[in-house]
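Colleague: Take this structure, written in structure tokens, and hold onto it; I'll ask about it next.
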Amino acid sequence: MPRDVREIEVDEQEETLERVAAIDVAKASAKVCTRVAHPSVTHRRVTKVWDVGSTTNAIMSLADELAEAEIERVVIESTSDYWRPFFYLLEARGLLVWLVNARDAKQVPGRPKTDKLDAVWLAKLNERGMLRPSFVPPKEIRELRDYTRLRVDLTQERGRYAQRLEKLLEDALIKLSSVATDILGKSGRQMIEALIQGERDPVVLAEMAKGKLRIKRSALVEALTGRFDDHHGELARILLDQIDALSEKIETLTLRVSELIEQIPEAQALVEERSGPAGALLHPDRAPLPVVERLDEVTGIGLLSAQAIIAEIGLNMGQFPSAGRLVSWAKLSPRTIQSGPKTRSGGTGQGNPYLRRALSEAAASAARTNTFLGQRYRRLVKRRGKLRALVAIARSILVIVWHLLADRTARFIDLGPDFYDRRINNDRRARDLVRQLQALGHQVTLSPAA
């Protein structure tokens, strides 16, 4: 039986470093291990292990010591947030630092589990080039990420207070949420404020409805008939004040995020070459735009989503050589599991929750549009279901984002909702339909339309 021998490309390059270090971090201390070549014995390493504190001064002293020892690379296991001070200070000292996933650096089964052995094992893996670095964005992106993530957290907290307010209204037998889509909209907010001020007449409250909600005044009268008393009003006042305070903080964060992005040179519009005595742009209909505005052109992506995506993946796509690498890192593509003759797809995994949230919101928004992505969702949802179709659209959006960030001159162009119809082979489609009718027992004769 002939053998099927193939030459494959392997991303990781085999390497053996002479001077390496590994750090197994904890909350208050860390275990450091260095392995360097023996000065006199060939193919032998000198291994040293010691404890170091997690304070700034202790880490800076460690950085000086590793630099003096001419350590080529330091690896740190990503344990909670305890790795951050070590990574930031060692990187600032000029050392090459890798953050590695704890899953990739697990201790060999059957060995005792101690911090010292973990550090030694991590150093051996580092020495032989058997680890993959995790993505750690540059300082300006890390700062931007802190603001966008706090904005997400505060938005979620505001949503929880809104739910508490709705629960309070239900306790007072006020069914406002059954009629109004948003109880904190202009109409709903005015009604709740009136309830707090002491207004109890449901007819008067229903007359405060505005816009499309006015046609539901009779339903509002029934919904606003309840037992809202003074203690409900006091609690509602506290909840509304909390919601307003959070909204103000969220707006402040959004303005600050915009300022930080404007301070990043790579986020600004690329100056296009000019031609002619008048200095006209070569492509006046496609004038260069800042990165946020270019991302905002993508179907489903808004200002907040664009800012969140930039904060999570950065602007330098050199970290992700291809769009497939970025999609894989974001856990938006299923794993391939092959064993023997069987091949199946596994789950996508967890990935970055903040990036996934932004892409999921963009995908849900794009699915409701009459665009290429909207049509793609409607084609997929018929055979794959809503959740998988949304993940597929989120993946498509991330691929588009990669191309826009990889090429600062690129602009998004929607392919149109009729993209798939324009690519249909009419003759093949006609043959398929004829075969289906023949299978149902019909004789079909085709003639061209007049």
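Colleague: In the P(r) worked out for the chain, what percent of Cα pairs fall beyond 36 Å?
Modeller: Values: 54128 of 101025 pairs.
Distances greater than 36 Å cover 54 percent of the Cα pairs.
Colleague: Give me the lysines in straight-line cross-link reach of residue 216: C-alpha distance below 20 Å, same-chain residues under 8 apart excluded.
Modeller: Reachable lysines: 175, 186.
Colleague: Hey, if you put +1 on the Cβ of every Lys and Arg and -1 on every Asp and Glu Cβ in region 19-127, which of 85, 33, 99 ends up farthest toward the positive end of that dipole?
Modeller: Projecting each Cα onto the dipole axis, the largest value belongs to 33.
Colleague: For 212, 48, what ranking results if the residue with the fewest other Cβ atoms within 10 Å of its Cβ goes first? Present the calculation step by step, with values, prior to reporting the outcome.
Modeller: Working: 212 9, 48 13.
The fewest-first ordering by Cβ neighbours comes to 212, 48.
Colleague: Report the residue, chosen from 22, 30, 430, that carries the largest GNM mean-square fluctuation when the chain is represented by alpha-carbon nodes joined by springs under 10 Å.
Modeller: Among 22, 30, 430, the largest GNM mean-square fluctuation belongs to 430.
Colleague: With springs only between Cα atoms under 10 Å, which of 98, 402, 50 fluctuates most in a Gaussian network model of the chain?
Modeller: Looking only at 98, 402, 50, the biggest GNM fluctuation is shown by 50.
Colleague: For region 19-127, what relative contact order do you get, as a whole percent, if you take Cα pairs closer than 8 Å and at least 6 residues apart? Intermediate results must be reported in sequence, preceding the final value.
Modeller: Numbers: 198 pairs, mean separation 36.6, N = 109.
Relative contact order here is 34 percent.
Colleague: While we're here: Most fluctuating residue of 238, 424, 71 in a GNM of the chain with Cα springs under 10 Å: which is it?
Modeller: Its mean-square fluctuation being the largest, the pick is 424.
Colleague: Across 10 Å bins from the origin, how do the percents of Cα pairs in region 365-450 run, short distances first?
Modeller: 14, 30, 27, 18, 8, 2
Colleague: Rank 252, 370, 290 by how far each Cα sits towards the positive end of the charge dipole of the chain (+1 on Lys, Arg Cβ; -1 on Asp, Glu Cβ) and give me just the farthest.
Modeller: Comparing the listed Cα positions along the dipole, 370 ranks first.
Colleague: So what is the relative contact order of region 142-260, in percent, for Cα pairs below 8 Å that sit 6 or more residues apart?
Modeller: Working: 112 pairs, mean separation 47.1, N = 119.
RCO, region 142-260: 40 percent.
Colleague: Taking each pair of distinct Cα atoms in region 142-260 once, what is the resulting Kirkwood hydrodynamic radius in Å?
Modeller: Values: mean 1/r = 0.0652 Å⁻¹.
Result for region 142-260, one decimal place: 15.3 Å.
Colleague: Let me ask another. Find the eigenvalues of the gyration tensor of the Cα atoms of region 19-127, then list the square roots of 5 times those eigenvalues as equivalent ellipsoid semi-axes, largest first, in whole angstrom. Write down the numbers at each step before the final one.
Modeller: Details: eigenvalues 78, 67, 27 Å².
Calculated on Cα positions only, the semi-axes equal 20, 18, 12 Å.
Colleague: On alpha-carbon atoms, Rg over Rh for region 285-406 using Kirkwood Rh? Provide the component values of the computation, followed by the final result.
Modeller: On the way: Rg = 15.1 Å, Rh = 15.1 Å.
Here the Rg-to-Rh quotient is 1.00.
Colleague: Taking the Cα centre of the chain as origin and charging only Cβ (+1 Lys, Arg; -1 Asp, Glu), how large is the dipole, in debye to the nearest 20? It would help to have the intermediate numbers written out before the result.
Modeller: On the way: 70 positive and 60 negative charges, 492 e Å.
Around 2360 debye, computed over the chain.
Colleague: Looking only at the chain, where both bridge partners belong to it, what percent of the DSSP beta bridges are antiparallel (to the nearest 5)? Mind dumping the intermediate values first?
Modeller: Values: 23 of 31 bridges.
Bridges in the chain that DSSP calls antiparallel: roughly 75 percent.
Colleague: Something else about it: Relative contact order for the chain: what is it in percent, counting Cα pairs under 8 Å that are at least 6 residues apart?
Modeller: Details: 568 pairs, mean separation 46.2, N = 450.
This gives 10 percent for the chain.
Colleague: Right, another one. How far apart, in nm, are the 7 Å Cα→Cβ label points at residue 46 and residue 58?
Modeller: Label at residue 46, label at residue 58, 2.5 nm between them.
Just so you know, all these numbers are worked out from the coordinates, no wet-lab data involved. These numbers were taken from a predicted model, which means no experiment stands behind them. Glycine also receives a Cβ, built like all others from the backbone with ideal geometry; neighbour counts cover every protein chain displayed.
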